[in-house]
Each structure stands twice: as C-alpha cells, then as structure tokens.
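What follows is a set of notes on a single structure, which appears directly below.
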Amino acid sequence: MMRTKPSAKDMLMRYTPAAIALSLLVAVSSSAILSAPTESLDPRAERLLGEGRAAVSAGNLQGAIDAYEAALVVEPGSVPVLLALADATRRTGMQGKALHYYRTALTTDPRNLDAIAGEGVALAEKGATEKANRILARLQSLCGKECSEAQKVASAIAKGPAQQRVVTAEAVTPKPMVSEN
C-alpha cells in the first residue's frame, strides 16, 4: 500500500484548530499581563483625599490642595490623587501646574479619560485651543462624541480662555513709611 502526500486542504484542516488555540492563548495571556491591577489607596491617603474633597465642597481650594499634596506624599504617583490635585489647581487658575499633574497621571495611565479631559480643559482655559482641539479629537476617538469627558472639553473650548488675573507693578508698589527709631 502506497501512501500519498497529504493535500494542502488536509494540512489546513489538521493544524488550524491547534493554531487557533495557540493564538487565543497568546492573546489572553498578553492582555492579562498588560492589564493594570486595581489601585487601592493607603488608608491615610484615602482619608486625606476625603479631606480634600470636603475642602473643595466647602470652597476651600487651597485647603484641598494641601490635603491632596499630603496624600501624594503618602501615595506617590497615585492617579486618583494626581487627578484631584490637578483639578483643584486648575480651579485656582494655575493651569500650567494642573497640566503637569494631568500629564504625570497620563504617564501612569495613558488611556485615563479623566486625565485626558482635564488636560484638554486646562489647555482651553490657558488659551491653547489648537492643542485642546487635538485632545478633543483624541477623546472622541476613544469614547465617542457623546461621552461626558469629550463634552466637557468641547464646552471649555467653546467658553474660551479663562480670565487671567493680571497685577500691575503700581498696584503692588509699597508705600514709603517713615518710622521713628
């Protein structure tokens, strides 16, 4: 009895299930390896984060910034703390400093929609509308035009730059005082 060489169809049918199973295993393994673990905060940082949120609710932005900075000392590089700190500093009019915090959060979690949106809002408030529009396009490609983050950036762009507080030199010139020795 003479054996014939298997055809291409036979080879395809013989090895396809094994190839599919192997590629599925590789895909699942790589996505499990690359996925970030859920971040749990240190209880001290969690308490400071709560104090900061309470300060924001009370209108005490500087107190909130202080609490968030203390939480950042306890949990360096924590994305939730960085986002809260960035939002508070942006609200005080320090968009440049807020951009630093948003970008630091994005180095840890590059697809964080809140960090991307915060960066876009800060850029729009700073007057960098071209960059804010690029951020908006990125957000719309990630989550769609109707997501709350994209709408937040779009409304900040439509509102325009935030009113800058400008102080003249004459306003802060000290008045000479004569005192007796």
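The values are calculated or read from the model by the stated rules, or taken from the named source; none is laboratory data. This is a predicted model, so every value here is computed, not measured. Positions of Cβ are backbone-derived with ideal geometry, glycine not excepted, and every protein chain shown enters the neighbour counts. The area values use the complete protein model at the heavy-atom level, side chains included, leaving out ligands, DNA and RNA. Shrake-Rupley method; radii C 1.70, N 1.55, O 1.52, S 1.80 Å.
What does the charge dipole of segment 47-181 about its Cα centre add up to, to the nearest 20 debye, if the Cβ of each Lys and Arg holds +1 and the Cβ of each Asp and Glu holds -1?
Values: 16 positive and 14 negative charges, 85 e Å.
I would put it at about 420 debye.
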In nm, to one decimal, how far is the Thr173 label point from the Met13 one, both placed 7 Å along Cα→Cβ? 9.7
When the chain is fully extended, how far beyond the present Cα-Cα distance does Cys147 get from Asn133, taking 0.36 nm per residue of separation? 3.5 nm
Give the carbon-plus-sulfur fraction of the accessible surface of segment 60-154 in %, rounded to a whole number; probe 1.4 Å, heavy atoms of protein chains only. 51
Using r as the Cβ-Cβ distance of Glu180 and Met94, and R0 as 45 Å, what FRET efficiency do you calculate, to the nearest 0.05? 0.60
For Glu46 and Ala21, calculate 0.36 nm times their separation in residues minus their Cα-Cα distance, and state this gained length in nm to one decimal. 4.7 nm
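What Kirkwood hydrodynamic radius do you get for segment 67-181 when you take the inverse of the mean 1/r over all pairs of distinct Cα atoms, in Å?
Details: mean 1/r = 0.0643 Å⁻¹.
Mean inverse Cα-Cα distance, inverted, gives 15.5 Å.
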With a 1.4 Å probe and every protein chain left in place, tell me how much accessible area Asp42 has, in Å² to the nearest 10. 40
